[in-house]
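So the structure is just underneath, and the comments pick up after that.
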Amino acid sequence: PLWKEAITKENAGLLQRGTYQRVLRTQVPHGTQLLHTMYTFKDKESGAKARLVVLGHLQRPLPKPADTYAGTPLPAAVRTVVSLAAGNHHHIDKLDISQAFVQSDDLPADSRLIPRSPA
């Protein structure tokens, strides 16, 4: 029940923001590749979180790495920034991005990605 509620909240948020539209499989053009998806789950202090993610490694042809790369700082870099901030009496905040799909760039007009609902 806890995870079902988190899935419902994730789907409602994505639909509300217009991230996707529901399409019946019979309406998908023949030969169109459906992208596989799955949910990831995390138990946070604020409650259970579910995220819908596209399994991009199954996409064919594979996109160029430069098109999908999202930089992540090394732990040593994070420690350095925190150390400098503490040494200079600066305040540090954290940020949790909600509904990550909506934070991505728009696709070109001639592109169409169709994610498949998780099984």
Whole-Hz Karplus ³J(HN,Hα) for the stretch 83-93, in order, using 6.51 cos²θ - 1.76 cosθ + 1.60 and θ = phi - 60°, x for Gly and Pro? 5, 5, 5, 5, x, 9, 6, 8, 8, 10, 10
Among the trypsin sites (Lys or Arg not before Pro) within the stretch 1-47, which fall in a DSSP loop and have no more than 13 other Cβ atoms within 10 Å of their own Cβ? ARG17, ARG22
If the chain between THR80 and ALA12 were fully stretched, how many nm would it gain, using 0.36 nm times the residue separation less the Cα-Cα distance? 20.6 nm
Longer than 24 Å from Cα to Cα, which of LYS9/LYS94; LYS4/LYS94; LYS44/LYS64; LYS4/LYS42; LYS49/LYS94; LYS9/LYS42 are they? Say none if no pair is. LYS4/LYS94; LYS44/LYS64
By how many nm would the segment from TYR39 to ILE92 grow when fully extended, if each residue of separation counts as 0.36 nm and the alpha-carbon distance is taken off? 16.0 nm
Under a 1.4 angstrom probe, counting protein chains only, how are LEU34, LEU84 ranked by accessible area, largest first? LEU84, LEU34
Got a sec? What order do HIS91, HIS36, HIS30 fall in by accessible area at 1.4 Å, biggest, i.e. largest, first? HIS30, HIS91, HIS36
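The values are calculated or read from the model by the stated rules, or taken from the named source; none is laboratory data. Everything numeric in this text was worked out from a predicted model, so none of it was measured. Cβ: placed from backbone, ideal geometry, glycine included. Neighbour counts: every protein chain shown. Heads up: the accessible areas ignore ligands, DNA and RNA and are worked out on the full protein's heavy atoms, side chains in. Shrake-Rupley method; radii C 1.70, N 1.55, O 1.52, S 1.80 Å.
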